[in-house]
1. Give the number of residues within segment 253-291 that are free of Cβ contacts under 8 Å to residues at least 40 places away in the same chain, crowded, with 20+ Cβ neighbours inside 10 Å and over 16 Å from Met382 (Cβ atoms).
2. Which of the residues spanning segment 304-329 are under 21 Å from Lys219 (Cα atoms) and either out of contact with any strand residue (DSSP E or B) (no Cβ under 9 Å at 6 or more places or on another chain) or assigned to a helix (DSSP H, G or I) (or both)?
3. Which number in (1) at positive phi; (2) buried (at least 22 other Cβ atoms within 10 Å of the Cβ) marks the one condition that Phe174 misses?
4. Can you pull out every residue in segment 359-393 that is among the hydrophobic types (A, V, I, L, M, F, W, C) and either within 27 Å of Ser293 (Cα to Cα) or loosely packed, with under 15 Cβ neighbours inside 10 Å (or both)?
5. Can you tell which of Phe185, Phe245 is surrounded by fewer than 21 Cβ atoms within 10 Å (Cβ to Cβ) and farther than 26 Å from Ile329 by Cα?
6. Against the definition (in a loop (DSSP other than H, G, I, E, B), modelled with pLDDT of 90 or more, under 27 Å from Ala172 (Cα atoms) and within 19 Å of the chain's Cα centre (by Cα)), how does Ile301 come out, yes or no?
7. Name the residues in segment 86-104 that are modelled with pLDDT of 75 or more, surrounded by fewer than 21 Cβ atoms within 10 Å (Cβ to Cβ) and in contact with a helix residue (DSSP H, G or I) (Cβ under 7 Å, 6 or more places away or on another chain), would you?
Amino acid sequence: MRVHKLHPYIIIILSFTSVILVGTGLLALPWAAKNGESFGFIDSLFQATSAVCVTGLSVINVGAEMTVYGKVVMCILMEIGGLSFLTFAVFFFTIIGAKIGISNRFLLKEALNQNSINGIVALVKKIVITSIAIQLIGTFINMFSLMPWCDYDFFKALGYSMFHSIAAFNNAGFDAFGANSMVQFKDDIILNASTIIMIILGGIGFIVLDEIVKKRSFKKLSLHSKITLITTVILILFGMFMIKFSSWNDVSWMQALFTSVTSRTAGFTTIEMSELSGGSYWTILILMFIGASPCSTGGGIKTTTIAIVAIAIFFFARGRKPHVFKRTITQSEIFKAFVLFSIAIIVDLFGAFLINAIQPELGIKETLFEAVSAFSTTGLTMGITSSLNAANRVIICILMLFGRLGPLTVIGVINKNWMTESKENIRYVEEKVIIGWKKVLL
């Protein structure tokens, strides 16, 4: 009897969907709502999906409508979603002394997007411990701003600080501050700085953080870490200047910096998204599409993807092989980057098309923003989330899950050679195909 091993990507998908369903059930209980009435299946599913996919889009006002129980469930879902259920499961098994087999190590390798299973369990321990430590430090710093806001009620301030710290580090974008959200803290330097740092630490990738701590020198870092750090800095500065110059009289430099950082999958906001200028709108749309870095709590196509696409285009235009920092970019990585880039554009446009087709009154501009925000797991909105009908809420849930899992994970399910390198015995004759067009000058 032949035993077929379950594809690791299927296990990853099942782990996320299982957590979402459990979260839906927990949030659907009357205990989660302050009015004692269930939020209903669709709204609970939407909230659970958004939390597990660390997006931040919400059809429920977490601060005004959720009880402490509901907020605790949201925190747990955000933690599991940010680091993945598999990471926490393996961490728990290592604590109790259970042995992690080869198949589970391979599964972790795929879940964490690593090239080898060597040291994968040690990496899991570092990820969980480092994440918890950073969030506790963030909670402590947030207390300085939130103690006065909570009328110096220590436990109330602690709850808000911890919720915000978890949401910021996991790039989730939920806040418990009520109707005014973080707009009321737009001039609070401590809370703004704390949130920005937490978002960057959570979105830069655990591999990069580990290398920075170990090597402590930019020259000694791997090519992946160098590209990630440089691209992150460029995107933050690009976003800040574009948003400020596009809305010069409407936003401060602090708001521009905060929005630039949070637009790359975090989802917090200190400005009114519905009043964005044209330049700011497109800047935020681009930043959401790109997102955070690989092996992080953020979404999007990733900083390394856009960097490789840009490098490939630049060197193609010059007729040379792409390289950076005296390292050649392989054709397989370039191909993977362009595939991911293309799939993301198609999914975003198709998602916006479906939403707008079902509810044309929402407007093309708003629905495109919503679709990109959902797929990139950012959580920013131009105010139409609560206006979505049941069908569109399900579509947004699908976009969020697809974006959190990653297009390459979803389409990778059909790869039958996941256990070994693909070896094709048949090679076909190459033949060129005309690509693009070129005007002939006569």
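The values are calculated or read from the model by the stated rules, or taken from the named source; none is laboratory data. Keep in mind it's a predicted model, so treat the numbers as computed, not measured. Cβ placement follows ideal geometry from the backbone for every residue including glycine, while neighbour counts extend to all protein chains displayed.
1. 2
2. Correct list: Thr304, Ala307, Ile308, Ile311, His323, Val324, Phe325, Lys326, Arg327, Thr328.
3. Going through (1) at positive phi; (2) buried (at least 22 other Cβ atoms within 10 Å of the Cβ) one by one, Phe174 breaks only (1).
4. From segment 359-393, those among the hydrophobic types (A, V, I, L, M, F, W, C) are 362, 364, 368-369, 371-372, 374-375, 380, 382, 384, 388, 390-391; that's our starting set.
Of everything in segment 359-393, those that are among the hydrophobic types (A, V, I, L, M, F, W, C) and either within 27 Å of Ser293 (Cα to Cα) or loosely packed, with under 15 Cβ neighbours inside 10 Å (or both) turn out to be Ile364, Leu368, Phe369, Ala371, Val372, Ala374, Phe375, Leu380, Met382, Ala390, Ala391.
5. Numbers: Phe185 fails: surrounded by fewer than 21 Cβ atoms within 10 Å (Cβ to Cβ).
Every option except Phe245 fails the conditions.
6. Numbers: in a loop (DSSP other than H, G, I, E, B): yes; modelled with pLDDT of 90 or more: yes; under 27 Å from Ala172 (Cα atoms): yes; within 19 Å of the chain's Cα centre (by Cα): yes.
Considered against the rule, which asks whether it is in a loop (DSSP other than H, G, I, E, B), modelled with pLDDT of 90 or more, under 27 Å from Ala172 (Cα atoms) and within 19 Å of the chain's Cα centre (by Cα), Ile301 comes out as yes.
7. Once the filter is applied, which keeps residues that are modelled with pLDDT of 75 or more, surrounded by fewer than 21 Cβ atoms within 10 Å (Cβ to Cβ) and in contact with a helix residue (DSSP H, G or I) (Cβ under 7 Å, 6 or more places away or on another chain), segment 86-104 yields Phe88, Phe91, Thr94.
Let's see how each residue does on (1) surrounded by 23 or more Cβ atoms within 10 Å (Cβ to Cβ); (2) in a loop (DSSP other than H, G, I, E, B); (3) on the phi < 0 side of the Ramachandran plot; (4) out of contact with any Cys (no Cβ under 8 Å at 6 or more places or on another chain):
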site: Glu37; (1), (2), (3), (4): no, yes, yes, yes
site: Asp43; (1), (2), (3), (4): no, no, yes, yes
site: Ala51; (1), (2), (3), (4): yes, no, yes, yes
site: Leu57; (1), (2), (3), (4): yes, yes, yes, yes
site: Tyr69; (1), (2), (3), (4): no, no, yes, yes
site: Met74; (1), (2), (3), (4): yes, no, yes, yes
